[in-house]
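Written out below as structure tokens is the structure these notes cover.
The values are calculated or read from the model by the stated rules, or taken from the named source; none is laboratory data. Bear in mind that the values here come from a model prediction, so they are computed numbers and not experimental data. All Cβ positions, glycine included, derive from the backbone under ideal geometry; neighbour counts span all protein chains shown.
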Amino acid sequence: MNLNLRAAILSNVSGHNAEQLEATIDDALQKGEEKMLPGLGVFFEMLWKESDEQERQEILDTLEQGLKQQ
């Protein structure tokens, strides 16, 4: 069986507007379940690919600051 998890995740949110995407992300973060991590990873991958160098640096800076607070 060949399961393309990335394609399945994207299919599940295809056509969602910004409000629906935010609700999906908030729900995943609030539940804190390990099974939600692949979906968030796919979202991050999309964000990274669509970002220019300045936006990527901002993402990295935000991640760095967040890790310092752990």
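Scanning region 1-9 finds no residues that are at pLDDT 95 or above, surrounded by 12 or more Cβ atoms within 10 Å (Cβ to Cβ) and of a type outside the set (A, V, I, L, M, F, W, C). Scanning region 16-56 for residues that are surrounded by 13 or more Cβ atoms within 10 Å (Cβ to Cβ) and part of a loop (DSSP other than H, G, I, E, B) yields a single hit, Ser51. The criterion of being outside any helix (DSSP H, G or I) and either in contact with a Cys (Cβ under 7 Å, 6 or more places away or on another chain) or not polar (S, T, N, Q) (or both) does not hold for Gly66.
Could you tell me which of the residues Glu34, Glu22, Glu53, Glu45 is more than 14 Å from the chain's Cα centre (by Cα) and charged (D, E, K, R)? Before the answer, list the steps.
Details: Glu34 fails: more than 14 Å from the chain's Cα centre (by Cα); Glu22 fails: more than 14 Å from the chain's Cα centre (by Cα); Glu45 fails: more than 14 Å from the chain's Cα centre (by Cα).
Just a single option satisfies the conditions, and that option is Glu53.
Among the conditions (1) out of contact with any helix residue (DSSP H, G or I) (no Cβ under 8 Å at 6 or more places or on another chain); (2) on the phi < 0 side of the Ramachandran plot, the only one that Gly32 does not satisfy is (2).
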